[in-house]
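These notes concern the structure reproduced below.
The values are calculated or read from the model by the stated rules, or taken from the named source; none is laboratory data. Please read all numbers here as calculations on a predicted model, not as lab measurements. With ideal geometry, Cβ positions are generated from the backbone for all residues, glycine too; neighbour counts draw on all protein chains shown. Side chains included, ligands, DNA and RNA excluded: accessible areas come from the protein's heavy atoms. Shrake-Rupley method; radii C 1.70, N 1.55, O 1.52, S 1.80 Å.
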Amino acid sequence: SGAARVYGNARVSGIARVSGDARVSGNARVYGDARVSGNAWVYGNARVYGDAQVSGNAQVYGDARVSGNAQVSGNAWVYGNARVYGDARVSGNARVSGNNSLFWASKVGTENGTLTVFNSKGGTLTAVRGCFIGSCEEFLAKSKRAHDEKTHREYCLLIEVAKSRVICK
């Protein structure tokens, strides 16, 4: 039984939904089939659209864009000129503020899923794959235990590329 709120010049249109205690304010726009729920807050000039979901205590603000099937959850912040789209998953204490704060690869591993790597609070890199969320080192250790050599090597290479692309803050 939440009290979702839309303030200022913010707009929610299409079949988009804002529920729970979620807030949309400023000049923010939520449209398409997007969902904003929980205690999430979308504000500033942010845009959430497509089938994107923002939930938990997540915040999307500034000129950030979240679209496609992307999900932003937990205590994650997506802000500045950041673009989160496709099948990207940003969660935990992530801080994504620009295009060099996030890397993802889809159709990877034995289940053809998505691996997302991003900056976390404290300047560390976090990996998300399926139900796993943790450091890149923890992810690779789990991969070595759980997968055959070929799949583990694929993840090692992807983490190496992610580390070369994502700027630690």
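Between Ala141 and Asn112, the simple label model (points 7 Å from Cα in the Cβ direction) yields a spacing of 3.2 nm.
Contact order for the range 13-121, expressed relative to its length and based on alpha carbon pairs under 8 Å spaced 6+ residues apart, stands at 16 percent. The charge dipole of the range 70-159, taken about its Cα centre with unit charges on the Cβ of Lys, Arg, Asp and Glu (plus for the first two, minus for the last two), comes to roughly 120 debye. Using the alpha-carbon positions of the range 25-66, Rg (one decimal) and Dmax (whole number) come out as 8.9, 22 Å. Note that the range 103-160, at 37 °C in a medium of 0.692 mPa s, gets a Stokes-Einstein diffusion coefficient of 290 µm²/s from its Kirkwood radius over C-alpha pairs. With coordinates expressed along the principal axes, the C-alpha atoms belonging to the range 43-104 extend over 23, 21, 20 Å, beginning with the largest. Taking label positions 7 Å along the Cα-Cβ direction at both Asn9 and Tyr31, the computed distance is 1.4 nm, reported to one decimal.
Among the lysines of the chain, pairs that are 8 or more positions apart or on different chains and have alpha carbons within less than 27 Å of each other number 13.
Distance from the Cα centre of the range 37-70 to that of the range 93-169, in angstrom? Cα centres, the range 37-70 to the range 93-169: 22 Å. Helix 136-146 and the longest principal axis of the Cα set of the chain meet at an angle near 60°. For a paramagnetic label modelled on Arg17 (point 7 Å from Cα along Cα→Cβ), amide N atoms under 15 Å away belong, within the range 52-72, to 52-56. Rounded to the nearest 500, the 222 nm mean residue ellipticity of the chain from helices alone is -5500 deg cm²/dmol, with -39,500 (n - 2.57) taken per DSSP H run of at least 4 residues. Would you mind getting me the FRET efficiency between Thr124 and Asn57? Use the beta-carbon distance for r and R0 = 22 Å, nearest 0.05. Efficiency, rounded to the nearest 0.05: 0.70. The residues of the chain present an accessible area of 49 Å² per residue when probed at 1.4 Å with all protein chains retained. All C-alpha to C-alpha distances of the chain, sorted into 10 Å bins beginning at zero, yield P(r) values of 12, 40, 30, 14, 4, 0 percent in whole numbers. Report note on the peptides 159-166, 89-96: ranked by the mean count of other C-beta atoms within 10 Å, highest first, their order is 89-96, 159-166. Between the Cα long axis of helix 149-165 and the first principal axis of the chain there is an angle of about 50°, rounded to the nearest 10.
In this label model, Arg153 and Asn81 are separated by 3.9 nm, measuring between points 7 Å along each Cα→Cβ vector.
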